[in-house]
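See structure below.
The values are calculated or read from the model by the stated rules, or taken from the named source; none is laboratory data. Just so we're clear, the structure is a prediction, and the values are computed from it rather than from any experiment. What goes into the accessible areas is simple: the full protein's heavy atoms, side chains included, and nothing from ligands, DNA or RNA. Shrake-Rupley method; radii C 1.70, N 1.55, O 1.52, S 1.80 Å.
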Amino acid sequence: MPPSTARSVKSRRHAARFNDRRAPSPRWQFLRGFLKHPVMVGSIIPSSRTLIERMLKPVDWETTKLVVEYGPGVGTFTRPILEKLGDKGVLIAIDTNADFIRYLRESIPDERLVAVTGSAADVDQIVHDHGFDHADYVLSGIPFSTLPPGVGDAIGKATAKVLRPGGAFLVYQFSAKVFDFISPHFDRIDRGFEWINVPPAKLFWAWKSQSTGKGKA
Ligand SMILES: C[S@@+](CC[C@H](N)C(=O)[O-])C[C@H]1O[C@@H](n2cnc3c(N)ncnc32)[C@H](O)[C@@H]1O
């Protein structure tokens, strides 16, 4: 190998090592977020791939134009959603933690991703601000059982409003408390349980009625 090529390979390796040191891994970033806001983040370990695949299984990706994700954290679901979403689809990811949103913007260079610092309770406004009337699916990883009083109810109601008829609210949780917040607003809620996750998680798929065009709210 000529000395100049050897030098450039060496400097690329050095740059990669330097970048690795500067860009925290998703796990480290997630742990940092947990240590800073333990109640808001709610879990110390990101979701497993088995949980992700099971949660997203009922989604009809071919017809999906807009997915909204609540509480993306460091993007554990965000990346698989973008892998499955069509070229013209949009994913709006909403998190109250500005550090996570900055991390997502920097680490996922994908034009289909819109990362927003804000609360899931404001989903209707956020979706309209980005030029949409409705979302096809909303996915939530936020810890409903530790939300401040009133916020869980507000999120359940706002989500039923923002979904299109026939759309679904997909929720994974460690507590069943979320059921109280979503059951008043959805006619049909399918339930499941996933052992392969730390800790094992309760799963909910809440469907907005096709016929009435409304949630129950
Ligand atoms: C358990 S973490 C989920 C992380 C990731 N989705 C996963 O599956 O590993 C919960 C996330 O919800 C966010 N969060 C908490 N309350 C929220 C709210 N009202 N609106 C949006 N995000 C919220 C937290 O900042 C945190 O990033």
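Which value, in Å², gives the accessible area per residue of segment 38-127 when a 1.4 Å probe is used on the protein heavy atoms?
Value returned for segment 38-127: 45 Å² of accessible area per residue.
Non-local amide H neighbours of Val90 (under 5 Å, H modeled in plane, Pro and chain starts lacking H): which ones?
Answer set, sorted by chain and number: Leu66, Val67.
Provide the per residue accessible area, probe 1.4 Å, for segment 142-182, rounded to a whole number of square angstrom.
36
What's the long-distance tail for segment 137-199, i.e. % of Cα pairs beyond 20 Å?
So the pairs more than 20 Å apart make up 23 percent of the total in segment 137-199.
Cα-Cα pairs above 17 Å in segment 80-217: how many percent?
In whole percent, the long-distance tail amounts to 62.
Please list, in chain and number order, the residues 5+ apart from Val74 or on another chain whose amide H is under 5 Å from its amide H, with Hs placed from the backbone.
So Val74 has HN proximity to no qualifying residue.
Going by amide H atoms built from the backbone, whose H comes under 5 Å of the H on Ala135, apart from near neighbours?
Leu163, Arg164
Sort Phe193, Phe186 from largest to smallest accessible area, using a 1.4 Å probe on the heavy atoms of the protein chains.
Phe193, Phe186
Ignoring ligands and nucleic acids, what accessible area does Arg105 show with a 1.4 Å probe (Å², nearest 10)?
140
Report in % the part of the accessible area of segment 126-175 that belongs to carbon and sulfur, leaving out ligands and nucleic acids; probe 1.4 Å.
The nonpolar share, carbon plus sulfur, comes to 57 percent.
Using heavy-atom solvent-accessible surface (probe 1.4 Å) with all chains present, what is the largest-first order of Lys88, Lys57, Lys177?
Reading off the accessible areas and sorting them downward yields Lys88, Lys57, Lys177.
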